[in-house]
């Protein structure tokens, strides 16, 4: 199962004979059997016919609406799959300070561990001694922060340590970009000021809604998290669970796009006076989404279960492991790469 992304501006998504058909100007751009689709993502000015909408809802296929820049607008789903008893246990766990802090510490540790792993991999690959030294030093600082996260006694202190870890990581992120033509000074969003930040933000948006779909599928409440506090309209649990996957799924994919020439500076559009100074053009979005789907379908051996699965399945397994911990009170161990 995979997701169908429609980013051609002015296109329309219809449904005919159990196939999703993308049309524009009386031409068929794509035709996909619905049996292969688990999610539909529409970016920008893309319409959906009423018959297609009815069919997708009836089949339980989620529809996510994003702006052309990748900002979330909303989603449509069929009948709710929530598990009332599971959610009651989730509410109780969220309100148990010690148990909730334990989950938050585990998530913070896993995120910093995976950030450190990515830096160490690049440090081993580079032929530049100064770059290797900078990356190794940052990885060592992350090791110190990981130890402190394990001793954190409040959520505020934990969030502070996690934020420091991200700052350390992004302070050397430019060293991971190995080809000229790309500028990255610091992680910045709302709006992203440069192509690298725009790609990171777009990737994190796609990851968040893939995880939100997994949370909804399992039956947990996506709005009640352990690391991120509950706020109106914020899917805090999905944001919790993506933290360990950010460097593994998004950051490494963005670096692949940049370092392998999959994306070039001319794939971006500049609009200095607009709300988004920089954004991917249509060809760039197509390439980026293709790489994203390829990354989700990439197979791995799960470090805990030992099973072969792709990353799309891995996200759902992560949620199911949390649901098991919520129900049983057992320790939750988030995804950590070796």
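What number of residues within the stretch 300-315 satisfy the criterion of being touching a strand residue (DSSP E or B) at 6+ places or on another chain (Cβ under 9 Å) and touching a residue at least 12 places away in the same chain (Cβ under 8 Å)?
Of the residues in the stretch 300-315, 6 are touching a strand residue (DSSP E or B) at 6+ places or on another chain (Cβ under 9 Å) and touching a residue at least 12 places away in the same chain (Cβ under 8 Å).
Applying the selection to the stretch 45-64, what residues are in contact with a helix residue (DSSP H, G or I) (Cβ under 7 Å, 6 or more places away or on another chain) and within 16 Å of residue 11 (Cα to Cα)?
Across the stretch 45-64, the qualifying residues are 63, 64.
Residue by residue through the stretch 85-127, note down the ones that are in contact (Cβ under 8 Å) with a residue 24 or more places away in the chain and out of contact with any helix residue (DSSP H, G or I) (no Cβ under 8 Å at 6 or more places or on another chain). Steps first, please.
So in the stretch 85-127, the residues in contact (Cβ under 8 Å) with a residue 24 or more places away in the chain come out as 86-87, 89-91, 93-94, 99-119, 122, 126.
Once the filter is applied, which keeps residues that are in contact (Cβ under 8 Å) with a residue 24 or more places away in the chain and out of contact with any helix residue (DSSP H, G or I) (no Cβ under 8 Å at 6 or more places or on another chain), the stretch 85-127 yields 87, 91, 102, 106.
Would you be able to tell me the number of residues in the stretch 255-284 that are modelled with pLDDT of 90 or more and over 18 Å from residue 181 (Cα atoms)? Step through it out loud before you land on a result.
Kept after step one, since they are modelled with pLDDT of 90 or more, are these residues of the stretch 255-284: 255-268, 283-284.
This time we only want the ones that are over 18 Å from residue 181 (Cα atoms), so: 283.
Looking only at that region, the number is 1.
Going by the conditions given, is residue 225 more than 15 Å from the chain's Cα centre (by Cα) and surrounded by fewer than 21 Cβ atoms within 10 Å (Cβ to Cβ)?
Numbers: more than 15 Å from the chain's Cα centre (by Cα): yes; surrounded by fewer than 21 Cβ atoms within 10 Å (Cβ to Cβ): no.
It is false that residue 225 is more than 15 Å from the chain's Cα centre (by Cα) and surrounded by fewer than 21 Cβ atoms within 10 Å (Cβ to Cβ).
In the stretch 291-313, which residues are within 19 Å of the chain's Cα centre (by Cα) and outside any helix (DSSP H, G or I)? Write out each step before concluding.
First pass over the stretch 291-313, keeping only residues within 19 Å of the chain's Cα centre (by Cα): 291-300, 302, 309-313.
Passing the criteria: 297, 298, 299, 300, 302, 309, 310.
Among (1) at pLDDT below 85; (2) buried (at least 18 other Cβ atoms within 10 Å of the Cβ), which single condition is residue 83 missing?
Failing condition for residue 83: (2).
Which ones in the stretch 1-19 are over 25 Å from the mean Cα position of the chain (by Cα) and either without any contact (Cβ under 8 Å) to a residue 40 or more places away in the chain or in the same structural domain as residue 214 (by TED's automatic domain parsing) (or both)?
Kept after step one, since they are over 25 Å from the mean Cα position of the chain (by Cα), are these residues of the stretch 1-19: 10-12, 14-19.
Within the stretch 1-19, 10, 11, 12, 14, 16, 17, 18, 19 qualify.
Which of the following residues is closer than 14 Å to residue 69 by Cα and either free of Cβ contacts under 8 Å to residues at least 24 places away in the same chain or in contact with a strand residue (DSSP E or B) (Cβ under 8 Å, 6 or more places away or on another chain) (or both): 280, 296?
Details: 296 fails: closer than 14 Å to residue 69 by Cα.
Sole residue among the options that is closer than 14 Å to residue 69 by Cα and either free of Cβ contacts under 8 Å to residues at least 24 places away in the same chain or in contact with a strand residue (DSSP E or B) (Cβ under 8 Å, 6 or more places away or on another chain) (or both): 280.
Hey, can you tell me all the residues within the stretch 303-317 that are over 16 Å from residue 338 (Cβ atoms), touching a helix residue (DSSP H, G or I) at 6+ places or on another chain (Cβ under 7 Å) and buried (at least 17 other Cβ atoms within 10 Å of the Cβ)? If you could, list the steps in order and put the result at the bottom.
Looking only at the stretch 303-317, we keep the residues that are over 16 Å from residue 338 (Cβ atoms), and these are 310, 312-313, 315-317.
Still in the list and also touching a helix residue (DSSP H, G or I) at 6+ places or on another chain (Cβ under 7 Å): 310, 312, 315-316.
Within the stretch 303-317, 312, 315, 316 meet the criteria.
Residue 178 - would you say it is surrounded by fewer than 18 Cβ atoms within 10 Å (Cβ to Cβ) and closer than 19 Å to residue 262 by Cα?
For residue 178, the condition - surrounded by fewer than 18 Cβ atoms within 10 Å (Cβ to Cβ) and closer than 19 Å to residue 262 by Cα - is met.
Do we have any residue at all in the stretch 314-330 that's more than 30 Å from residue 100 (Cα to Cα) and either assigned to a strand (DSSP E or B) or under 14 Å from the mean Cα position of the chain (by Cα) (or both)? Walk me through how you get there before you give the answer.
Initial filter on the stretch 314-330 (more than 30 Å from residue 100 (Cα to Cα)): none.
No, the stretch 314-330 contains no residue that is more than 30 Å from residue 100 (Cα to Cα) and either assigned to a strand (DSSP E or B) or under 14 Å from the mean Cα position of the chain (by Cα) (or both).
The values are calculated or read from the model by the stated rules, or taken from the named source; none is laboratory data. Keep in mind the model is a prediction, meaning the values are calculated, not measured. So basically every Cβ, Gly included, is an ideal-geometry build from the backbone, and we count neighbours across all protein chains shown.
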